[in-house]
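Enquirer: Provided herewith is a single structure, encoded as structure tokens, for subsequent inquiry.
No lab work stands behind these numbers, since they all come straight from the coordinates. Note that the structure is predicted; figures quoted are calculated from it, not measured. Here the Cβ positions follow ideal geometry from the backbone for every residue, glycine too, while neighbour counts run over all protein chains shown.
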Amino acid sequence: MPSLLTTVAQHQSAHYNSVSLNRSFFTSRSKAGWLSAIVALSLCACTGTGTTSSSAAQGHEETLKTEVLEAGAATLQNNAPLDPMNVYLVGFHPMKDDPSHQMEAHHYCNQVNEEFAQCALFDGNTQSANLTGVEYIISKRLFEQLPEQEKTYWHPHNAEILSGQLVAPGLPEKADYEVMKSKMNSYGKTWHTWSTDQQEGAQMIPMGDPKLAWSFNRLGEDEPGLVEARDKRMNIDTEARRKARSSLTPLAEPQRGVDTLKGQFGRPTQEIPGVVDQQATKK
């Protein structure tokens with residue numbers, strides 16, 4: 001019988017041309033857990049459909065010469081650095097300096113080791129998707145070793161997970177649950193270099209300074225309709241994910257940055273059980 005990781009990778013690959021699911025992305029070592037997840041592969045309906053970029057880059061269509069050169073490059077060159085980027089996540093980012101500017105982000109990640117991952121961010125999951133940024137993900141242990149000033153660039157992840165908003169499309173929910181469990185108490189450093197979304201007026205080419213992104217840390221911080229549009233398009237039930245992940249709440253530790261954008265969204269918000277700012281526990 002193939003391993004869960006191989007099976008999961010093949011399952012996600014069928015939807016998004018992934019190669020394999022990096023073994024270190026999961027941290028659970030329970031054989032029973034793996035067996036139940038294998039069973040879940042055959043029982044659970046999977047999520048995810050194509051999300052096309054809302055913006056096309058400015059410029060003339062490719063010439064035949066360029067297409068021929070691309071075909072030759074694809075045959076003769078390698079893309080080794082991209083091969084490990086086979087874990088696919090979708091979430092949302094408000095910009096730290098402008099929380100009203102919010103983006104749906106499709107992450108293609110390489111889990112470099114158990115405590116560090118690096119992701120390329122796109123505005124969709126099709127071949128026409130635009131590269132819009134980069135995110136690095138580190139463990140709580142690595143975060144705590146950072147200089148104090150550096151910590152201000154890193155956003156907490158527990159709310160993204162416990163809210164159900166961060167998902168691994170194409171995976172059965174059991175496997176999605178294990179992925180999220182492995183990222184509890186982690187932090188991300190995200191820079192968006194291209195605003196292709198329609199909120200701010202889509203840019204035809206990347207313009208201006210990179211924007212440091214943050215995370216939603218309360219329900220209602222996301223713009224009305226933002227999550228719902230993703231869910232409808234990709235056949236995702238965020239509310240069901242939130243309920244299923246409530247069992248992860250006891251794993252949640254206070255994190256730095258939870259209250260960084262508190263009160264800056266101009267509408268009522270709701271606390272998420274288990275999501276607590278580290279500074280609040282010291283008062």
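Enquirer: Of the listed peptides 235-242, 79-86, 142-149, what is their order by residue-averaged count of other C-beta atoms within 10 Å, with the highest listed first?
Expert: 235-242, 79-86, 142-149
Enquirer: Calculate the FRET efficiency for L146 and S247 from the Cβ-Cβ distance with a Förster distance of 45 Å, rounded to the nearest 0.05.
Expert: Step by step, r from the Cβ atoms, then E = 0.90.
Enquirer: On to the next question. When each pair of different Cα atoms in the stretch 145-208 is counted once in the 1/r mean, what is the Kirkwood radius in angstroms, to one decimal?
Expert: 14.5
Enquirer: Quick check: the distance between the Cα centres of the stretch 144-210 and the stretch 56-120, to the nearest angstrom?
Expert: 14
Enquirer: Per residue of the stretch 237-243, what does 6.51 cos²θ - 1.76 cosθ + 1.60 with θ = phi - 60° give for ³J(HN,Hα)? Whole Hz please, x for Gly and Pro, Karplus curve as stated.
Expert: 10, 4, 4, 5, 5, 4, 5
Enquirer: Moving on to the next point. May I ask for the net charge around E115, where only other residues with Cβ less than 12 Å from the Cβ of E115 are counted and Lys, Arg are +1 while Asp, Glu are -1? Write down the numbers at each step before the final one.
Expert: Values: positive: K140, R141, K183; negative: E114, E144.
Summing Lys/Arg as +1 and Asp/Glu as -1 gives +1.
Enquirer: Rounded if a/c is under 1.5, else prolate if a/b beats b/c, else oblate: with a ≥ b ≥ c from the C-alpha gyration tensor eigenvalues square-rooted, which is the stretch 77-232?
Expert: Here the stretch 77-232 falls in the rounded category.
Enquirer: Okay, next question. In nanometres, what is the gap between the two model label sites at T75 and T193, each 7 Å from Cα along Cα-to-Cβ?
Expert: With each label placed 7 Å out from Cα toward Cβ, I get 3.0 nm.
Enquirer: Same structure, new question: Subtract the Cα-Cα distance of E239 and Q278 from 0.36 nm times their separation in residues, and report this length gain in nm to one decimal.
Expert: Computed gain between E239 and Q278 is 11.4 nm.
Enquirer: Cα gyration tensor of the stretch 229-283, axes a ≥ b ≥ c as square roots of the eigenvalues: rounded (a/c below 1.5), prolate (a/b > b/c) or oblate?
Expert: Oblate shape, in that a/c is at least 1.5 and b/c is the bigger or equal ratio.
Enquirer: Pairs to check: K211/K232; K96/K151; K174/K232; K96/K183. Give those whose C-alpha atoms are more than 23 Å from each other in this structure.
Expert: K211/K232
Enquirer: As an exercise, use a Förster radius of 30 Å and the Cβ-Cβ distance of T66 and V134 to find the FRET efficiency, rounded to the nearest 0.05.
Expert: Here the calculated transfer efficiency is 0.70.
Enquirer: If the cut-off is a Cα-Cα distance under 17 Å, which aspartates and glutamates reach K140, setting aside same-chain residues fewer than 8 apart in sequence?
Expert: Within the straight-line limit of under 17 Å, K140 reaches these aspartates and glutamates: E114, E115, E148, E150, E160, E253, D277.
Enquirer: Quick one: what are the phi-derived ³J(HN,Hα) couplings along the stretch 107-116, Karplus 6.51/-1.76/1.60 with θ = phi - 60°, whole Hz, x for glycine and proline?
Expert: So the J values, rounded to whole Hz, are 9, 10, 10, 10, 7, 5, 8, 5, 10, 9.
Enquirer: Something else now. Provide the per-residue ³J(HN,Hα) series for the stretch 132-146, in order, calculated from phi with Karplus coefficients 6.51, -1.76, 1.60 and θ = phi - 60°, each as a whole number of Hz, with x at glycine and proline positions.
Expert: Using θ = phi - 60°, the values come out as 10, x, 8, 9, 10, 10, 10, 6, 4, 4, 5, 4, 5, 8, 6 Hz.
Enquirer: If you don't mind, there's one more thing I want to ask. Could you give the radius of gyration (one decimal) and Dmax (whole number) of the Cα atoms in the stretch 144-283, in Å?
Expert: In Å, with Rg to one decimal and Dmax whole: 15.9, 47.
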